[in-house]
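Take a look at the structure set out below.
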Amino acid sequence: MRIAFFVNSIADETPQFTTTTLALAALNRGHEICYVTPGDFVLRADDSLAVRGLVLPSSGYKKPETLHKDLQGENSETRIFDVAEIDVLFLRNDPSLDVTDRPWAAHAGALFGRLAALRGTLVVNDPAGLAKAQNKLYLQDFPPSVRPATLVSKSIEEIRGFIAGEKKKGAIIKPLQGSGGKNVFKVASPDDQNLNQIFEAVSGEGYLIAQSFMPEASEGDVRFFVMNGRPLMRDGKYAAFRRVPAKGEIRSNVHVGGGPAPVEVTPAMLAVVEAVRPKLVEDGMFLVGLDIVGDKILEINVFTPGGLGNLAQLYETNFSDTVIAALEDKIAMREAYGGRLDNSRLATL
């Protein structure tokens with residue numbers, strides 16, 4: 001099986017990225033891999049789709065650091081594949097990173113992923129589903145019972161009114177299009193003297209989200225992986241961990257100092273996963289990361305959910321291996337049915 005990992009940029013990959021751990025797991029299971037970026041597709045005059053893939057010089061890696069070193073090294077090789085030679089196109093890019101400087105690249109994965117799926121390649125997550133989830137507004141498609149009260153607007157008056165309605169709790173302000181905890185602020189009251197400055201900073205990126213602040217968030221959120229619409233599990237363990245904010249931080253993202261810690265999965269968390277399952281399955285969302293506080297979801301990460309490396313260290317459990325095994329099952333299903341299964345359905349079978 002050949003798996004192509006679609007990423008924003010080869011240079012920006014790190015040994016800690018979940019994509020690296022997935023690539024390592026695929027190689028260790030005997031598969032071939034390559035890395036693909038937004039400018040690597042070619043739709044030819046005969047309607048064939050080709051892709052330039054960066055191929056590693058070895059397959060016998062034991063550590064993600066060694067794989068990453070070769071990925072960035074001079075001995076990696078670029079090869080051109082017909083998309084029919086790619087069994088799985090794993091879309092692992094973050095569109096929000098390209099929206100400002102490379103808007104043409106932001107949606108290349110979903111656009112060319114759709115063409116690849118039409119030509120028989122398994123594309124995960126399903127590109128049509130990802131097209132619906134280009135920003136945080138996607139969360140509003142899920143049941144009100146699993147999401148906090150939310151306002152989406154570019155009006156500071158509307159935002160002040162929303163914050164006033166939250167009484168003593170305050171609200172979180174963040175951009176509609178964004179990721180990684182960038183430009184996320186807590187506003188205590190509509191009279192907060194920093195609100196105008198926050199509004200100017202965030203509204204420059206487009207619409208804003210004002211979200212009811214949940215006091216439980218001060219203890220961090222839970223990154224919970226969902227695969228095929230159900231909790232990702234291995235050896236009786238859930239792929240979930242708590243992200244504890246650094247002192248003085250409201251954001252719990254690991255890359256801004258949030259510390260990963262073990263978490264005991266509760267019935268409330270499992271109820272949240274069950275509530276979102278129908279929509280995730282309908283949209284062909286193979287691998288998703290839910291950010292849960294209490295019994296609510298703060299965000300649904302469908303493009304590049306990260307943390308599988310943290311989970312491997314916390315629980316000494318290789319969840320990445322389970323993810324690759326699931327892709328093997330899907331390819332076997334596709335072959336058994338002669339390619340007649342729809343991509344969006346196969347993505348979550």
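For the chain, what's the relative contact order in percent, using C-alpha pairs closer than 8 Å and at least 6 residues apart? Show your work: numbers first, answer last.
Values: 684 pairs, mean separation 59.7, N = 349.
Normalised by residue count, the contact order of the chain is 17 percent.
Protein heavy-atom surface of the chain, 1.4 angstrom probe: 50% of the accessible area is carbon and sulfur, with nucleic acids and ligands not counted. Residues in the chain average 45 Å² of solvent-accessible surface per residue, probe 1.4 Å, ligands and nucleic acids excluded. Straight-line cross-link partners of Lys296 among the lysines, defined as a Cα under 27 Å from its Cα and at least 8 positions apart when in the same chain: Lys132, Lys136, Lys154, Lys167, Lys168, Lys169, Lys174, Lys182, Lys186, Lys237, Lys247, Lys279.
The Ser76 and Glu282 beta-carbon pair, evaluated with R₀ = 35 Å, returns a calculated FRET efficiency of approximately 0.40. Taking label points 7 Å from Cα along the Cα-to-Cβ direction, Arg52 and Tyr207 give a separation of 3.6 nm. Provide the FRET efficiency to the nearest 0.05 for the Asp191-Ala275 pair, computing r from the beta carbons and using R0 = 41 Å. FRET efficiency, Asp191 to Ala275: 0.70. The alpha carbon centroids of segment 118-154 and segment 274-322 are separated by 14 Å.
Computed packing ranks the peptides 154-161, 313-320 as 313-320, 154-161, most packed first, by mean other Cβ atoms within 10 Å. In the chain, the DSSP-assigned H stretches of four residues or longer account for a calculated mean residue ellipticity at 222 nm of -8500 deg cm²/dmol, using -39500 (n - 2.57) per stretch and the full residue count as denominator.
The values are calculated or read from the model by the stated rules, or taken from the named source; none is laboratory data. All figures in this text were calculated on a predicted structure; none of them were measured in a lab. Neighbour counts are summed over all protein chains in view; Cβ atoms, including those assigned to glycine, are modelled from backbone coordinates with ideal geometry. Remember, those area values only see protein heavy atoms, side chains included, never the ligands or the DNA or RNA. Shrake-Rupley method; radii C 1.70, N 1.55, O 1.52, S 1.80 Å.
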